[in-house]
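Each reported figure results from applying straightforward, stated rules to the coordinates on display, with no laboratory input. Remember, it's a predicted structure, so these values are computed and weren't measured experimentally. Glycine also receives a Cβ, built like all others from the backbone with ideal geometry; neighbour counts cover every protein chain displayed.
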Amino acid sequence: MYKKPVIVFEGIEGSGKTFHINNVSKYLKKNRIKFIRIREPGGTQNSEKIRKLILNKKSKFNENSDLLLYLASRSENIEFLKKNYKKKVILIDRFTDSTIAYQHYGLGVKLSIINHLNKYLLGNFKIDFTFLNIVNQKNMIKRLKQRKKLNRYDKFKKKFYDKVQKGYLKIAKNSKKYQIVNSNLNIELNKKFVIKKLEKLIR
């Protein structure tokens with residue numbers, strides 16, 4: 001019988017997190033394992049509306065508005081997540097660690113505020129494991145240039161992404177619930193690496 005963990009894929013722009021969540025989704029489908037997949041911001045109908053507002057290139061929000069919009073998006077998703085909690089494998093493309101990495105380490109919002117609001121929204125909903133994808137600046141820039149469309153968060157200064165990635169690594173430090181995936185390495189090797197870890201999580 002399969003376990004039904006909550007697995008999050010984190011990382012800065014161009015780090016390969018969406019590539020890996022796509023690959024994991026294909027694996028679960030192929031093996032007929034029930035799962036749901038959601039992204040942040042976005043996921044559910046109302047959350048997708050908020051996503052368009054947050055990521056619009058013309059949008060300009062201060063750091064507090066940015067935080068509250070992301071949390072509003074999460075608030076719209078949490079009922080759906082709790083409904084499937086422990087019933088299906090849950091895959092999430094960015095979640096609470098993104099809020100800490102971007103809004104605290106990147107934009108300077110107080111960590112205590114973020115933690116308090118996340119705790120209020122999530123309640124007993126807990127993450128079981130996180131794949132943290134890291135990338136160097138050279139590869140990040142190269143991959144962003146290959147994208148057909150760029151959103152507001154694809155256009156920050158290099159220093160910002162450096163602060164965010166270092167923030168992610170601080171969050172993951174000394175925790176067994178994180179697996180760092182170095183996306184500067186061969187992509188096929190990383191695919192096998194992630195699937196192998198996934199199999200241990202669900203069996």
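The length gained on full extension between residue 3 and residue 113, counted as 0.36 nm times the residue separation minus their Cα-Cα distance, comes to 36.3 nm. Under a 5 Å amide H cut-off, with hydrogens placed 1.01 Å from N, residue 133 pairs with 10, 11, 181 among residues at least 5 apart or on other chains. Once C-alpha pairs closer than 8 Å and six or more residues apart are averaged by separation and normalised to the residue number of the chain, the relative contact order reads 35 percent. Inter-label distance, residue 62 to residue 146: 4.0 nm, where each label sits 7 Å from its Cα along the C-beta direction.
Contact order, relative form, for region 90-203: 37 percent (alpha carbon pairs under 8 Å, 6 or more residues apart, mean separation divided by residue count). Stretched out straight at 0.36 nm per residue, the stretch from residue 85 to residue 158 would grow longer than its current Cα-Cα span by 22.6 nm. Calculated from the structure, mean projected area of the Cα convex hull in nm² equals which of [x] 11.2; [y] 18.2; [z] 10.6? The value matching this structure is [x]. Note on residue 186 and residue 48: the model spin-label points, each 7 Å out from Cα along the C-beta direction, lie 3.8 nm apart.
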